[in-house]
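Visitor: Mind having a look at this structure? Questions to follow.
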Amino acid sequence: MALAALAQPTRLDAFRLLVKNEPEGLAAGDIAKALSVPQNTISSHLAILSRAGLMAAKRFGRSIVYRAELEVAAFGLVVTILAGIRFQRSAVPWLVGLYITAAYWFTASTSFANPAVAIARSFTNTFSGIRPIDLPGFIVAELCGAVIGLLATTWLLRSSPDATSLNPETKLWA
């Protein structure tokens, strides 16, 4: 559902803008102004992104501030790795490469799924950098997404006596 929500160009642009403005977030009016989109249109797009789990909203007085949910990227990477291990271990390196490449296009910069990369990005002063003060939040979001991805994938790919597997000798944890 998350990728379907990002398939629409205005929603993709709004999500990228939210990621670039992490962790503070932006009000709907600021997003509408930055994207040159009417307020009611952006509100509809933000509702779709919220239902897809890609952003969260919090009320501050009279305005609502929207923030990107970065855990989704870490979740996606863990699911990609564990499903690759389950079905074709040799495919994991190129599956991870494909996921990171795809994530590069649907987020502001890479997939925000690797704490080592987040730390390195805190040392750069480019558009893809992370302010050092925001680094702990990024790492916590990445780790939360990874744990949720691990739990969900373990549950989804569990062995079942009545299920047929593509390769019954392949173990999820080998």
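Visitor: Restricting to segment 1-38, name every residue that is of a type outside the set (A, V, I, L, M, F, W, C) and at pLDDT 90 or above.
Guide: Of all residues in segment 1-38, those of a type outside the set (A, V, I, L, M, F, W, C) come to 8-11, 13, 16, 20-25, 29-30, 33, 36, 38.
Across segment 1-38, the qualifying residues are 29, 30, 33, 36, 38.
Visitor: Residue 113 - would you say it is within 16 Å of residue 145 (Cβ to Cβ), surrounded by 17 or more Cβ atoms within 10 Å (Cβ to Cβ), at pLDDT 80 or above and not hydroxyl-bearing (Ser, Thr, Tyr)?
Guide: no
Visitor: When you scan segment 21-46, how many residues do you find that are part of a helix (DSSP H, G or I) and not β-branched (Val, Ile, Thr)?
Guide: Of the residues in that region, 13 qualify.
Visitor: Tell me, which residue of segment 123-174 that is of a type in the set (D, E, K, R) and part of a loop (DSSP other than H, G, I, E, B) is modelled with the highest pLDDT?
Guide: Filtering segment 123-174 for residues that are of a type in the set (D, E, K, R) and part of a loop (DSSP other than H, G, I, E, B), the one modelled with the highest pLDDT comes out as 131.
Visitor: Scanning for something modelled with pLDDT of 70 or more and under 30 Å from residue 27 (Cβ atoms), does segment 95-104 turn up at least one residue? Walk me through it before giving the result.
Guide: Step one: list which residues in segment 95-104 are modelled with pLDDT of 70 or more, which gives 95-102.
Of the ones still in play, those that are also under 30 Å from residue 27 (Cβ atoms) are 102.
Looking for residues that are modelled with pLDDT of 70 or more and under 30 Å from residue 27 (Cβ atoms), one finds at least one in segment 95-104, hence yes.
Visitor: Would you check which residues across segment 1-45 are hydrophobic (A, V, I, L, M, F, W, C), farther than 24 Å from residue 140 by Cα and free of Cβ contacts under 8 Å to residues at least 40 places away in the same chain and list them?
Guide: 7, 28, 31, 32, 34, 35, 37, 42 - these are the residues of segment 1-45 that are hydrophobic (A, V, I, L, M, F, W, C), farther than 24 Å from residue 140 by Cα and free of Cβ contacts under 8 Å to residues at least 40 places away in the same chain.
Visitor: Being crowded, with 23+ Cβ neighbours inside 10 Å and in a helix (DSSP H, G or I) is the filter here, so list the residues in segment 47-71 that pass it.
Guide: Hit for segment 47-71 is 49, nothing else.
The values are calculated or read from the model by the stated rules, or taken from the named source; none is laboratory data. Note that the structure is predicted; figures quoted are calculated from it, not measured. All Cβ positions, even for glycine, are placed from backbone atoms using ideal geometry, and neighbour counts span all protein chains on display.
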